[in-house]
Amino acid sequence: MSGGADPALPRAALVQMIAGAAAISTTSVFVKLAHVGPTMSGFYRMAFGGLMLLAGLAATRRWRRVKPAEVGWLLVPGAAFAIDLMLWHRSILYVGPGVATLLGNFQVFLMALAGFVLYREKLGWQFLAGLALAFLGLYLLVGLDWSVVGARYRLGVLLGIVTGVAYAAYMLSTRHAQRAGHVRLAPAQLLCVSSLLSALVLGAAALAESEPFAIPDAQSWSALLGLAFCGQVLGWVLLTRAMPQLPASTIGLLLLLQPALSFVFDVILFARPTRAIDWIGVALSLAGIFVGSYRRGRAPPPAAENALPAE
């Protein structure tokens, strides 16, 4: 190795990061494949995923007693993530997995704005450049045909964007609970508790919507179990193992595999009509998300606030 050169990135961490992002990219596909309503698919993702995490923690003897106060502080993040899934799953059904996942990733700009307002973090030129690129790409992808698409599609786009608000609320409330010392759970246990709390909120919402809890067929069972395992367990475990070993810029780039693969899956599995201008729009949006969220330096410590998967 020549003098002054950066050490090679750990191969195992790179593989884990790629595999984790790929696992999470399948969640929108599973939502589309399950023959249940959008709130119910969110309920089973959180319930099955939370129980899988609980079983793993119990089997490895890593579960510790959760204080009632900690549960109280996690109610807001749990409810915010439940709302996030209710909105996002509807967006998936209305506009497809690819566009819905891409829209959900616009939350990076909301997180940056929240950091500026709440913590006086600097935005920099990257934020404005990324925002401009992302919305130019979004315009090419959905704006050119806005006057001819139906009301259902338009609603799906709006729900996908608002999804980012709910997800930002989830991340910010989780971060506050941790930084203020109100919650001192290990990352896996925090995700487990948050998942189960979200399941309770989603279950109550499903009752209010009169959605049946019955899982109608084998395809739905497979899709919902895959949704829980890939979204709440496998993807999260791989990402939390890889993130502490990689630079923040590499993490941001590899996380773009999630929306990129979701769009590709949408085209391949669900025959989404896609023109050249659509691919250009996707590429510009992904570039904008990366530029807008770019931060120099190493990845932060493996705290839950930095490791929770993006939907």
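May I ask you to list, by number, the DSSP H helices of the chain whose Cα span along the axis is at least 20 Å and whose average Kyte-Doolittle hydropathy reaches -1.0 or more? Walk me through the numbers before you get to the answer.
Details: long enough: 11-25 (21 Å, 1.37); 38-59 (31 Å, 1.05); 68-95 (40 Å, 1.07); 124-138 (22 Å, 1.63); 151-179 (42 Å, 0.39); 187-208 (31 Å, 1.84); 276-293 (26 Å, 1.69).
Passing helices, by number: 11-25, 38-59, 68-95, 124-138, 151-179, 187-208, 276-293.
Take each of the peptides 15-22, 267-274, average the number of other beta-carbon atoms within 10 Å over its residues, and list them starting from the highest.
Numbers: 15-22: 19.8, 267-274: 12.2.
Per-residue mean Cβ counts within 10 Å order the peptides as 15-22, 267-274.
Round to a whole angstrom and tell me the spacing of the C-alpha centers of segment 205-228 and segment 124-149.
About 34 Å separates the Cα centre of segment 205-228 from the one of segment 124-149.
Using a Förster distance of 41 angstrom, determine the FRET efficiency expected from the C-beta separation of K67 and L207, and round it to 0.05. Can you show the working numbers first?
Working: r = 28 Å, r/R0 = 0.69.
The pair K67/L207 has a calculated efficiency of 0.90.
In Å², and per residue, what accessible area does segment 38-159 have when probed at 1.4 Å with the other protein chains present?
Per-residue value: 47 Å².
Summing -39500 (n - 2.57) over the DSSP H runs of n ≥ 4 in the chain and dividing by its residue number, what mean residue ellipticity at 222 nm do you reach, to the nearest 500 deg cm²/dmol? Intermediate results must be reported in sequence, preceding the final value.
Values: 15 runs with 222 residues, N = 311.
My calculation for the chain gives -23500 deg cm²/dmol from helical runs alone.
Counting only trypsin sites (Lys or Arg not before Pro) that sit in a DSSP loop (anything but H, G, I, E, B) with at most 16 other Cβ atoms within 10 Å, what is the longest stretch of the chain containing none of them? If you can, show how the numbers build up before the last one.
Values: sites that count: R61, R62, R64, R65, R120, K122, R184, R275, R295, R296.
Result for the longest clean stretch: 185-274.
Hey, got the dipole for the chain? About the Cα centre, +1 on K and R Cβ, -1 on D and E Cβ, debye to the nearest 20?
Values: 22 positive and 12 negative charges, 178 e Å.
Magnitude of the dipole: close to 860 debye.
The values are calculated or read from the model by the stated rules, or taken from the named source; none is laboratory data. These numbers were taken from a predicted model, which means no experiment stands behind them. Methodologically, a virtual Cβ is constructed for each residue, glycine included, from the backbone with ideal geometry; neighbour enumeration extends over all protein chains shown. The protein model used for the area step is the full one, side chains on, heavy atoms only, and it has no ligands, DNA or RNA in it. Shrake-Rupley method; radii C 1.70, N 1.55, O 1.52, S 1.80 Å.
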